[in-house]
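For reference, the structure discussed in these notes is given below.
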Amino acid sequence: MRRRTYLAAAVAGGAAGLAGCTALGRMGILPGEDDEYDVGMTRNEFVPEELVVSTGETVVWKNTSGADHTVTGQGVPEGEYFASGGFDDYDEAFEGWYDDRGGAITTRETYEHTFETPGEYDYVCIPHIDAGMVGVVVVE
């Protein structure tokens with residue numbers, strides 16, 4: 001009898017846990033057609049990790065987590081550097097973050113950049129790069 005009770009509780013708990021997964025979009029974690037951003041930021045990832053846009057299009061990132069993040073270009077076409085905090089290159093952005101959390105995008109804040117040149121724009125979140133928080137914008 002105890003086994004049945006345990007199994008019933010385990011199944012109910014699992015179903016409740018999975019129900020929360022379907023609510024991610026409603027909670028603002030996954031971007032959708034009506035949202036005001038293109039890329040969300042969870043605890044350790046950009047969602048989606050890859051985004052394809054047209055030349056001249058503006059991409060908006062939104063911090064949908066409780067941790068501070070950055071959007072920091074790394075490996076971008078010549079003359080097209082971008083970074084939250086307005087830094088001119090990766091080294092400056094890296095130092096800015098570690099000096100005084102420069103470029104931080106706090107919870108529910110956004111950052112946007114307009115892409116003018118076709119190419120692949122790799123970017124990272126400096127405080128979470130070791131956790132694999134990387135992304136790419138492909139401009140066609």
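The values are calculated or read from the model by the stated rules, or taken from the named source; none is laboratory data. Keep in mind that what you see is a predicted model, and the values were worked out from it rather than measured. Positions of Cβ are generated from backbone atoms using ideal geometry, with glycine treated the same way; all protein chains shown enter the neighbour counts. All accessible areas refer to the heavy atoms of the entire protein, side chains included, with ligands and DNA or RNA removed. Shrake-Rupley method; radii C 1.70, N 1.55, O 1.52, S 1.80 Å.
Quick look at the numbers
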{"item": "Residues being acidic (Asp, Glu), under 14 Å from Tyr121 (Cβ atoms) and open to solvent by less than 60 Å² (accessible area, probe 1.4 Å) - total across segment 65-94", "result": "1"}
{"item": "Criterion violated by Gly32 - all others in (1) more than 16 Å from the chain's Cα centre (by Cα); (2) at pLDDT below 95; (3) open to solvent by 30 Å² or more (accessible area, probe 1.4 Å) satisfied", "result": "(1)"}
{"item": "Candidate set: segment 100-140, residues that are assigned to a helix (DSSP H, G or I) and under 17 Å from the mean Cα position of the chain (by Cα); chosen: the one surrounded by the fewest Cβ atoms within 10 Å (Cβ to Cβ)", "result": "Asp130"}
{"item": "Segment 58-76 - residue that is more than 10 Å from the chain's Cα centre (by Cα) and over 14 Å from Thr114 (Cβ atoms) and, of those, modelled with the lowest pLDDT", "result": "Gly75"}
{"item": "Verdict on Trp97 being open to solvent by less than 80 Å² (accessible area, probe 1.4 Å) and assigned to a strand (DSSP E or B)", "result": "no"}
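Conditions (1) at pLDDT below 50; (2) small (Gly, Ala, Ser); (3) in a loop (DSSP other than H, G, I, E, B); (4) open to solvent by 60 Å² or more (accessible area, probe 1.4 Å), marked per residue:
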position	(1), (2), (3), (4)
Ala9	yes, yes, no, yes
Gly14	yes, yes, no, no
Gly17	yes, yes, no, no
Gly20	yes, yes, no, no
Met27	yes, no, yes, yes
